[in-house]
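> Before we start, here is the structure in question, set down as C-alpha cells.
Read the figures in this text as sums done on the coordinates, not as results from a lab. These figures come from a predicted structure and were not determined experimentally. Here the Cβ positions follow ideal geometry from the backbone for every residue, glycine too, while neighbour counts run over all protein chains shown.
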Amino acid sequence: MSKKNDDFFKEKKPWSEVKDQLLGCYFKPYLLKILQTKKPVVYVDCFAGKGKFEDGNPGSPLIALGIIDECLASTNTGAPQISTTFIDVNYAEDLKRNIGIRNNSRIVSGKYEEQITEILKGKTGCNVFLYIDPYGIKALKYSMFNRFAKGAYNSIELLINMNSFGFIREACHALSVKLELDDPNLFDDLIEYAPAKMDASKKSIEDLNEIAGGDYWQAIIQDLKANKIDGYQAEELFAAQYCQELMRCFKFVLNMPLRIKQGQRPKYRMIHATNHQDGCLLMVDNICNRWEAWHEVQNAGQMSLFEEDANNQIVNESEIEAKMMSFFSRLHGNYVSLHMALAYFFMQYGPLCKSGVIKQKLKDFEKRGLLLVERDPKTTPTGRPAAFMDEKTNQKKVMIKWANK
C-alpha cells in the first residue's frame, strides 16, 4: 500500500483548484458533444483521493459527477449510458462517504496501474475518458498510455497532470547533476501526495525511461550539466519532447503550463491526448478560456497592453496571421477537413488563441482569394450560398485547401 498523506486533503491548494477547473470546464462540453455519438461513456478518475477536501471544497470526483448530472438533465439524446469509476489506493472508504451510492458508479480500492486494465476490459466501442492526476510521477508509465491508445474504443481521451519540474529534479538525482534555479522556493508549494525519490542507480534511470517513454531526457540533463541550458529550459524541452512521444500514440496532444501568478515558472503541465480533432479543438478553447480567466485574476482586473498565450508568450494579430500563412499555404492538392487542419495547426504552434479566431481569419483568407472552401450544405435554407466556417457532426462539413496562384 502506498504511503498515506492525510494532510494533503485538509484544504484545497491553489494548484488543485487550477487543475480541477481545467477538468471541469473541459469535461462538460466534452460530455455534451460525445453523448451525440449515442455510444456508452466510461469516465475513470485514476487517483480520486477522498473526493472532497476537509475544508468543504469538492475534489475531482464530485466535480465530474456534478457535471454528469447537469448533462443528463439537459441532454436530448435519449437514455445515455454513463459509467464512472473512482480509483484510490488509500481512501476508498472516504470516497464512499463523500460520494454516496450512485447508479453506474463504483469505487475501486487499489493502485491505478494494477486496476485499470480490468476496469477497461469489455469497453470495446465505448467513449473512454481518463483523468490521471497521480500521486507523484512514478505512476505515469508511458507504456500504459500506448496500450490505452491501441484499445478498440469508439474514442479515448486522457487528461494527465505531469509534474514536469518534479521529473527534472529526479532526473538530476539519477544522473548526479546539481539542479540550480534562480528561484530557491520553486518547490516550496509544489505539494505532492507521494513524491518520487530517485537516486544514482540503474533502477532509477530505468524508471525515468519508462515514465518518459524513452531516454531522450538524459541528453537534456547532460546539456543542463554542461551549462548549455538552465533548469527552466530543461523543463520546457522535456515537456515538449514528452508531448512528441505521446504523439506516437495519439494524434493530438496539447499541454498547458499551470501557474498561479503571472510570469511564474510553470510547476505542472496538464497534458491532453486524444485521437479526435474535435476533442483537440475543444481543449484549445478550454485552455484559452482558463488562461484568460486566470490572467484577469492575476492582473486584478486590469487591462494588459499585450495579449499573451497560455505559455506567457506575447501574441499579436500579425504574428498569428504569419503563422497561419506559413501553415495553411502548405495545404495544396486535395481538400482537407477544416477541423482536422485546425487541430494540426494547434499541434504545431500550441494554443495561441481560441479556434474561433483562426476560423474568422480563414474567412478573411477566403475573401482575399487565398483559400478555397467547399461547404456541405452548399446553400442556406433560403437558397443563399453558405458561408459558415464550422463543422458539426452530420450537419455541416467544411473542406479547405490553399489557392494556387
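> Over 27 Å between Cα atoms, which of LYS150/LYS267; LYS123/LYS197; LYS13/LYS228; LYS28/LYS359; LYS323/LYS401 qualify? Can you show the working numbers first?
On the way: LYS150/LYS267 30 Å; LYS123/LYS197 35 Å; LYS13/LYS228 35 Å; LYS28/LYS359 23 Å; LYS323/LYS401 16 Å.
Distance filter (> 27 Å) returns LYS150/LYS267; LYS123/LYS197; LYS13/LYS228.
> At a Förster radius of 35 Å, what calculated FRET efficiency corresponds to the Cβ-Cβ distance of LYS10 and THR37, to the nearest 0.05?
0.30
> In percent, how large is the relative contact order of the chain, given Cα pairs closer than 8 Å and 6 or more residues apart?
Relative contact order comes out at 13 percent.
> Taking 0.36 nm per intervening residue step and subtracting the Cα-Cα distance, what contour gain separates ALA403 from LEU331 on full extension?
25.0 nm
> List the equivalent ellipsoid semi-axes of region 314-402 in whole Å, largest first, each obtained as the square root of 5λ for an eigenvalue λ of the Cα gyration tensor.
Computed over region 314-402, the values are 23, 13, 13 Å.
> From the C-alpha coordinates alone, can you work out the Kirkwood hydrodynamic radius of the chain, in Å?
Kirkwood radius, the chain: 22.8 Å.
> Now for a separate question. In square nanometres and to one decimal, what's the mean projected area of the convex hull around the Cα atoms of region 106-181?
Working: hull surface 25.4 nm².
Across all orientations, region 106-181 yields a mean hull projection of 6.3 nm².
> Right, here's the next one. Provide the per-residue ³J(HN,Hα) series for region 208-219, in order, calculated from phi with Karplus coefficients 6.51, -1.76, 1.60 and θ = phi - 60°, each as a whole number of Hz, with x at glycine and proline positions.
Computed from phi, the couplings for region 208-219 are 5, 4, 5, 5, 6, x, x, 9, 4, 5, 5, 5 Hz.
> Please work out the C-alpha center-to-center distance from region 5-52 to region 54-102 and express it in whole Å.
9 Å
> Further question on the same structure: For a footprinting-style exposure proxy, rank ARG375, ARG106, ARG169 by other Cβ within 10 Å, fewest first.
ARG106, ARG375, ARG169
> Considering only PRO134, PRO58, PRO377, give the residue with the highest GNM mean-square fluctuation for the chain, with springs between Cα atoms whenever their separation is below 10 Å.
Most flexible of the set in this elastic network: PRO377.
> Stokes-Einstein D for region 21-177 at 37 °C, 0.692 mPa s, Kirkwood Rh over Cα pairs, in µm²/s?
198 µm²/s
> State the antiparallel share, in %, of DSSP beta bridges confined to the chain, rounding to the nearest 5.
Just about 55 percent of them are antiparallel.
> Dividing the Cα radius of gyration by the Kirkwood radius, what Rg/Rh value follows for region 320-371?
Rg/Rh: 0.92.
> I've got another one for you. Under a crude label model (7 Å from the Cα following the beta-carbon direction), how far is ASN289 from ASN146 in nanometres?
Distance between label points: 3.5 nm.
> Looking only at ASN316, ASN127, ASN163, which one moves most when the chain is put into a Gaussian network model with springs between Cα atoms under 10 Å?
Looking only at ASN316, ASN127, ASN163, the largest GNM fluctuation is found for ASN316.
> For the chain, what is the mean residue ellipticity at 222 nm derived from helices alone (per DSSP H run of n ≥ 4: -39500 (n - 2.57); sum divided by total residues; nearest 500 deg cm²/dmol)?
Helix contribution divided over all residues of the chain: -13000 deg cm²/dmol.
> Which residue fluctuates the most in the chain, going by a Gaussian network model with Cα springs under 10 Å, if the choices are LEU352, LEU281, LEU32?
Its mean-square fluctuation being the largest, the pick is LEU32.
> Ok, one more. So if we plug the beta-carbon distance of LYS396 and ALA73 into 1/(1 + (r/R0)^6) with R0 = 25 Å, what FRET efficiency do we get, rounded to 0.05?
Calculated value: 0.40.
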